[in-house]
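> Following this message is one structure expressed as structure tokens.
The values are calculated or read from the model by the stated rules, or taken from the named source; none is laboratory data. Keep in mind the model is a prediction, meaning the values are calculated, not measured. Every residue, glycine among them, receives a Cβ derived from its backbone with ideal geometry; neighbour counts consider all protein chains shown. Side chains included, ligands, DNA and RNA excluded: accessible areas come from the protein's heavy atoms. Shrake-Rupley method; radii C 1.70, N 1.55, O 1.52, S 1.80 Å.
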Amino acid sequence: MKILPVQIDVYALIILLGVVQGLFLGVFFLTSKRGQNIANRCHGWLTLALAAVSGEIFLNYTNYTFQALWTGDFSEPFNFVIGPLFYFYTFSRIRKRLPHRWGWHLLPFAVWVVNSLTWHYQPIEFKYNSYVHAWHPELPYIDADTYLEEDFTELRAYISEITMVSCLIYAVLSLLTIRNAIRQRPELRSSDQLQSLRFLSWMFALVPLLIVLIKPQFQRDVGDYLLATYIAATIYATSFLVMRGSVFFREDLLPDSPAPETEPPADTRKKYERSSLSEEIEENLLNRLNRLFEDEKPYLESDLSLPKLAQRLNTSPHHLSQLLNDRLEQSFFDLLATYRVREAQQLLRDAATVNLKIDEIAERVGYNSTSAFHTAFKRLTGQTPAQFRSTTTSSRSA
């Protein structure tokens, strides 16, 4: 066997950093309270799958595969799980659940896992030839026998084309899911969360185009390092959105940070003493706030903030905060909790939603954290959601 020396360049470093960041994000989304959220689980597994694919390309591109031939093509089945997982993530982030019959989407992945056994269970000489064939066609092959038939599906030669079609289908499904959500609730168009989903969906939609552009330019898999570089860019973009958008971090911070749910400091009202907000303007703003909450229910949006609500009311956050403290004697977070708990009570009473789990109800009414939902519900009603449901069910039965 001829073994080439390891090569490290700028592309290798970018890909390696993408792999490391992907592993970090995957673990981040799957652990702690975040892992209880369906969308976070989908995002976590998706990021780990991307890290696995990029990790194999890194080994191949740098020639490390010569040192560990047993890793050859280990991530190939993940080509068929990336598309479905991205669609599941988009769908569950919007609908708070997985698509119906979601398991069927993973059938190609399952078939490819079984098919992969036929090239993993092969002698080391066979794996050497496979790596040389894909990445170093200039090197000679060596004599090798096979233990099993290499590809019982006879589809492995078309894996690039199949991957391209899979990514295209699921990118379209994700964009259609976003479009349908906006049609049903036009107010979501301005949601940071939906804008981030749209941005990631378009980045994902570019993958099939890159395959079409890159594959014909390179012999076999030699150009995959460019795809891995783009995957790294996608992971970096996701990291940026995670750091910029408190939507993700709130799920971890809320259980341990009850401060937003508590009363504002005693001197909060003093800062409004010099405000120019007249009684007439205040009354008009209050009416608009009530109409907005009644008609559009923005409090059900998990990323609703005081500045966003003020923008929709065409006022400043300062004036809106003054209104809440002066007229309603509530902080912004108290207001959200009041409406969200009221909505949750309706869901807990309704026979049509009796089968919903407590965490599903929490997500429906705008909470990213089940713990924060329990805290707010108990504070406002004196009961936990489960106790309230049990009492309501008993009364209805009697």
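> So how far apart, in nm, are the two label points at residue 378 and residue 4 if each is 7 Å from Cα heading toward Cβ?
The answer from the label model is 6.1 nm.
> Hey, another quick one. Take 243, 1, 164, 203 and sort them by solvent-accessible surface of the protein heavy atoms, 1.4 Å probe, largest at the top.
243, 1, 164, 203
> Given a cut-off of 22 Å, name the pairs among 308/378; 96/297; 33/96; 33/297 whose C-alpha atoms lie farther apart than that in the structure shown.
308/378; 33/297
> Output the relative contact order of the range 1-152, whole-number percent, from Cα pairs under 8 angstrom with separation of 6+ residues.
The value is 22 percent.
> Keeping all protein chains in place, calculate the accessible area per residue for the range 63-197 (probe 1.4 angstrom), answer in Å².
Value returned for the range 63-197: 52 Å² of accessible area per residue.
> While we're on this one: If I ignore ligands, DNA and RNA and count only protein heavy atoms, how much of residue 145 is accessible to a 1.4 Å probe, in Å² to the nearest 10?
So the heavy atoms of residue 145 present about 120 Å² to solvent.
> Also: Over the chain, what relative contact order in percent results from Cα pairs under 8 Å that are six or more residues apart?
15
> Going toward the positive end of the dipole of the chain, with +1 on Lys and Arg Cβ and -1 on Asp and Glu Cβ, which of 201, 376, 218 do you reach last?
Looking along the dipole axis, the top candidate is 376.
> Hey, any idea what % of the chain's accessible area is carbon plus sulfur with a 1.4 Å probe?
Using a 1.4 Å probe with all protein chains present, the chain comes out at 59 percent carbon and sulfur.
> Taking only DSSP H segments of four or more residues, each worth -39500 (n - 2.57), what value at 222 nm results for the chain once the sum is divided by all its residues, to the nearest 500 deg cm²/dmol?
-20500 deg cm²/dmol
> Within the chain, which DSSP H helices have Cα atoms that stretch 15 Å or more along the helix axis and a mean Kyte-Doolittle hydropathy of at least 0.0?
10-30, 38-62, 82-95, 107-120, 159-184, 192-214, 224-244
> May I ask which residue of 91, 367, 333 lies farthest towards the positive end of the charge dipole of the chain, with charges of +1 (Lys, Arg) and -1 (Asp, Glu) on Cβ and the Cα centre as origin?
Among 91, 367, 333, the one farthest towards the positive end of the dipole of the chain is 333.
> Keeping all protein chains in the complex and leaving out DNA, RNA and ligands, what accessible area do you get for residue 3 with a 1.4 Å probe, in Å² to the nearest 10?
We get 90 Å² for residue 3.
> Relative to the Cα centre, what is the charge dipole magnitude of the range 296-358, using +1 at the beta carbon of each Lys and Arg, -1 at the beta carbon of each Asp and Glu, and rounding to the nearest 20 debye?
For the range 296-358, the charge dipole is close to 140 debye.
> Report residue 89's accessible area, 1.4 Å probe, all protein chains in place, as a number in Å² to the nearest 10.
Accessible area of residue 89: about 10 Å².
> Moving on to the next point. Would you mind getting me the FRET efficiency between residue 291 and residue 350? Use the beta-carbon distance for r and R0 = 30 Å, nearest 0.05.
Between residue 291 and residue 350 the formula returns 0.80.
> Starting from the residue with the highest accessible area, list 231, 281 in decreasing order, probe 1.4 Å.
281, 231
> Now, a different point. For the range 23-175, with only Lys/Arg (+1) and Asp/Glu (-1) charged at the beta-carbon, what is the dipole magnitude about the Cα centre, in debye rounded to 20?
1600
> So what J values fall out for the range 68-73 if you push phi through Karplus, 6.51 cos²θ - 1.76 cosθ + 1.60 with θ = phi - 60°, rounded to Hz, Gly and Pro as x?
9, 4, 5, 7, x, 6
> I would also like to ask the following. Under a point-charge model restricted to the Cβ atoms of Lys and Arg (+1) and Asp and Glu (-1), what is the dipole moment magnitude of the chain relative to its Cα centre, in debye to the nearest 20?
Computed about the Cα centre, the dipole is about 1400 debye.
> Considering only protein heavy atoms, with the full assembly of protein chains and a 1.4 angstrom probe, order 90, 234, 393 by accessible area, largest first.
Largest accessible area first, the list is 393, 234, 90.
> I'd like the FRET efficiency for residue 206 and residue 281, computed as 1/(1 + (r/R0)^6) with the beta carbon distance as r and R0 of 51 Å, rounded to 0.05.
0.60
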